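The values are calculated or read from the model by the stated rules, or taken from the named source; none is laboratory data. Predicted model, so just to flag it, every value in this text is computed and none were measured. With ideal geometry, Cβ positions are generated from the backbone for all residues, glycine too; neighbour counts draw on all protein chains shown. SASA here: full protein model, heavy atoms, side chains in, ligands and nucleic acids out. Shrake-Rupley method; radii C 1.70, N 1.55, O 1.52, S 1.80 Å.
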Amino acid sequence: MCGIVAIIGKENACEHVLNGLKKLEYRGYDSAGLAYISDKKMFNVRSVGKLNKLIKVISESKYSKLESSKIAIGHTRWATHGKVNIKNTHPIIYDKKIAVVHNGIIENYEKLKAKSFLKSYNFETTTDTEVIPVLIDSFVSNGKNFFESAKSTLKLMEGAYAFAAIHQDFPNEIFVARNTSPLVIGVGQDFKVVGSDSHSITQLVNQVIYLEDGDYAIIRDKEIEIYDKKDEITNRKIVNVNTDIGVVTKDGYRHFMEKEIFEQPNVLINTISSLLQENDKIDISTQKMGIKKNKSILISAAGTSFYAAVVAKYWIEKIANISVSVELASEYRYRNPSNIGFSSMIVISQSGESIDTLMAMRQAKKLNLKTTAIVNVEGSTIDREADYSIYTRVGPEIGVASTKSFTSQLTVLFLISIKLANENNSINNKDYKNFVRLIKTLPNSLSKCLKINSDIINIAQKIKNTSHTIFLGRGYLYPLALEGALKLKEISYIHAEGFAAGEMKHGPIALIEENLPVIMFLISDGLEDKSISNLQEAVSRGARTILIADKESIAKAKFVNFAIEIPEFEKKFVTTFSPILMAIPAQLLAYHVARERGTDVDQPRNLAKSVTVE
Ligand code: F6R
């Protein structure tokens, strides 16, 4: 991880690389650098920290012929092997003549380093990446050209990776390779550009080629030669992509996360209108999804997308009476699962690149399940490999913490639930129409939910100095408790655990101590009294209680320290829609606590937006 940009054949190559890297910033990274060749000489500049720091370093020192170079590679690094320091920052340079930028992990790098033919080499970094330029050099020293050397290197590598390499003695070529980690080549007329995603290069090109697993290529300014894993020259499709959507800005918000929380009413309109036709039919094919009578549905995902899957299980089982299994992608991919009883798998992924989710989907394909991706990034690996894709259409999500993706994923999953229910007559046409009517009101309801912002700021100020928190929920709001806890811990670094309210007595209650904030999501679903009792038990042990709930539940739990009331929603359906409505206070609470604590909200420490390594 995390971002690669490379360019050949264009004036100001370094500047273009920096612009591309800027567009990959949202993925999260800890250091950045670039390398370029000028007059057959390799130069590089690297810095720990954000891109602005790299740009400052460039502007403060005189870098030789930086402007005139037409070949450059750049990288934003999210450390996997080796500490965050200048030496380990990419490009990793060997002997001032070979530069490599690399995402992913070379699993056998220790074995490769120990090869007898590399005995005379000194490794200067603690990265797995360094083995690439060293191997290339060893092959070049033995008389092979750059392409053959890079190819021979590739053949020795195991793991999931994408990389780009340049050599000062071969200044007209970039070598790239992909295995699992994404890589896209942009096709300009007299130049070529490479990026970790199409978004990073569409300011320069509107035609791209997505490399497939095992592909490698030698790229010159006017030509691209691509080889597949059998070493046969191959023609990959040239795809037209939307021209540059421009640099995404914060539009006056303090953080991208804040902007993305507040744009949810609008983006939900996009999600809904792209899938709901004028006649109220839902433009999703359950046949293409491979859903069959008497067969269960499997849903797999990671992180927040997984919590959306858990909500979907509750919805589909309740509304459509079809049994659903949810699987953490990182578990499913390795546990030799059975396909008995299943005909289809849905994977959910904002980025479309999460390696675990991709692998879970491949595993399902091996088991002959039809795969459907609910995905935001069109053209991503998961989108391209799924049998069928449904897009959330929320635009780029820049904040590392998923917000608008979650509510849009839930909306798509709800549409699937009622489509299934209508098809198998679990609900009649009247109920179906009613649900559709309510879905159309969701953007407006979310706007109302956003109005509780100032109440949440007030609570955030009260709990910002705590070290631990507990989130509770029951039924549809159990996955939301997990999501609320994830959101808080990842951006504020406060330890947060989510539990099903009914589980408190089975262990977690031991954690309650004086002043521990316990945050409960609650809705009048007929079981609210049970959850209120759970909350009382926490109060008796000194907890500070925060209730996020509907008016009726709040009236029953007057003893809590703070209560946040969600706006009114049609009474009969408020429970069903509660995970979407309550996502807003969960996100706002995490956001304001983190902001009050002064953390890097959009790029929290240690996290990356696209998790392309295990
Ligand atoms: C949490 C978050 C992550 C992602 C997870 C899956 O705020 O953003 O937990 O949800 O890494 O990512 P995608 O949906 O891109 O597969």
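So the values come out like this:
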read-out: Every residue from region 325-343 that is among the hydrophobic types (A, V, I, L, M, F, W, C) and surrounded by fewer than 15 Cβ atoms within 10 Å (Cβ to Cβ); value: Ile340
read-out: Selection within region 141-179 - modelled with pLDDT of 95 or more, in contact with a strand residue (DSSP E or B) (Cβ under 7 Å, 6 or more places away or on another chain) and open to solvent by 10 Å² or more (accessible area, probe 1.4 Å); value: Phe147, Lys151, Leu154, Met157, Gln168, Pro171, Glu173
read-out: Index of the failed condition, Ile233 passing every other in (1) more than 28 Å from Lys22 (Cα to Cα); (2) among the hydrophobic types (A, V, I, L, M, F, W, C); (3) open to solvent by less than 80 Å² (accessible area, probe 1.4 Å); value: (3)
read-out: Residues of region 489-500 satisfying the condition of being over 17 Å from the mean Cα position of the chain (by Cα) and open to solvent by less than 10 Å² (accessible area, probe 1.4 Å); value: Ser492, Ile494, Ala496
read-out: Exclusive hit being under 27 Å from the mean Cα position of the chain (by Cα), over 25 Å from Tyr388 (Cβ atoms), assigned to a helix (DSSP H, G or I) and hydrophobic (A, V, I, L, M, F, W, C), set Leu438, Leu413, Leu446; value: Leu446
read-out: Looking only at region 595-614, and only at residues there that are closer than 12 Å to Ser492 by Cα and in a loop (DSSP other than H, G, I, E, B), the one that is nearest to the ligand (Cβ to nearest atom); value: Pro604
read-out: Total residues in region 542-594, condition among the charged types (D, E, K, R) and in a helix (DSSP H, G or I); value: 5
read-out: Enumerated helices (runs of 4 or more DSSP H) restricted to region 306-391, each holding at least 3 residues that are over 14 Å from the mean Cα position of the chain (by Cα) and among the basic types (Lys, Arg); value: 355-366
read-out: Candidates Ile245, Ile272, Ile238, Ile322 - the one that is buried (at least 18 other Cβ atoms within 10 Å of the Cβ) and modelled with pLDDT under 95; value: Ile272
read-out: Meets criteria (out of contact with any helix residue (DSSP H, G or I) (no Cβ under 8 Å at 6 or more places or on another chain), open to solvent by 10 Å² or more (accessible area, probe 1.4 Å), within 16 Å of the ligand (Cβ to nearest atom) and charged (D, E, K, R)) for Lys259; value: yes
read-out: Matching residues in region 2-38 - criterion: being open to solvent by 10 Å² or more (accessible area, probe 1.4 Å) and closer than 30 Å to Ile491 by Cα; value: Leu18, Asn19, Lys22, Lys23, Glu25, Tyr26, Tyr29, Asp30
read-out: Failed item in (1) more than 23 Å from Phe414 (Cβ to Cβ); (2) acidic (Asp, Glu); (3) touching a residue at least 12 places away in the same chain (Cβ under 8 Å), with Asp600 passing the rest; value: (3)
read-out: For Thr271: the one exception among (1) within 16 Å of the ligand (Cβ to nearest atom); (2) more than 15 Å from Ile418 (Cβ to Cβ); value: (2)
read-out: So Thr76, is it in contact with a Phe, Trp or Tyr (Cβ under 7 Å, 6 or more places away or on another chain), in the same structural domain as Ser31 (by TED's automatic domain parsing), touching a residue at least 24 places away in the same chain (Cβ under 8 Å) and among the polar types (S, T, N, Q); value: yes
read-out: Residue list for region 140-164, filter: in contact with a Ser or Thr (Cβ under 7 Å, 6 or more places away or on another chain) and either closer than 13 Å to Tyr94 by Cα or β-branched (Val, Ile, Thr) (or both); value: Val140
read-out: Only one of Ile346, Ile355 that is modelled with pLDDT under 95, within 16 Å of the ligand (Cβ to nearest atom), crowded, with 17+ Cβ neighbours inside 10 Å and not polar (S, T, N, Q); value: Ile355
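Each row is one residue, and each column tells you yes or no for (1) closer than 24 Å to Lys487 by Cβ; (2) within 16 Å of the ligand (Cβ to nearest atom); (3) hydroxyl-bearing (Ser, Thr, Tyr); (4) outside the structural domain of Asn606 (by TED's automatic domain parsing).
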site	(1), (2), (3), (4)
Gly395	yes, yes, no, yes
Ala401	yes, yes, no, yes
Ser408	yes, yes, yes, yes
Asn422	no, no, no, yes
Arg437	no, no, no, yes
Leu442	yes, no, no, yes
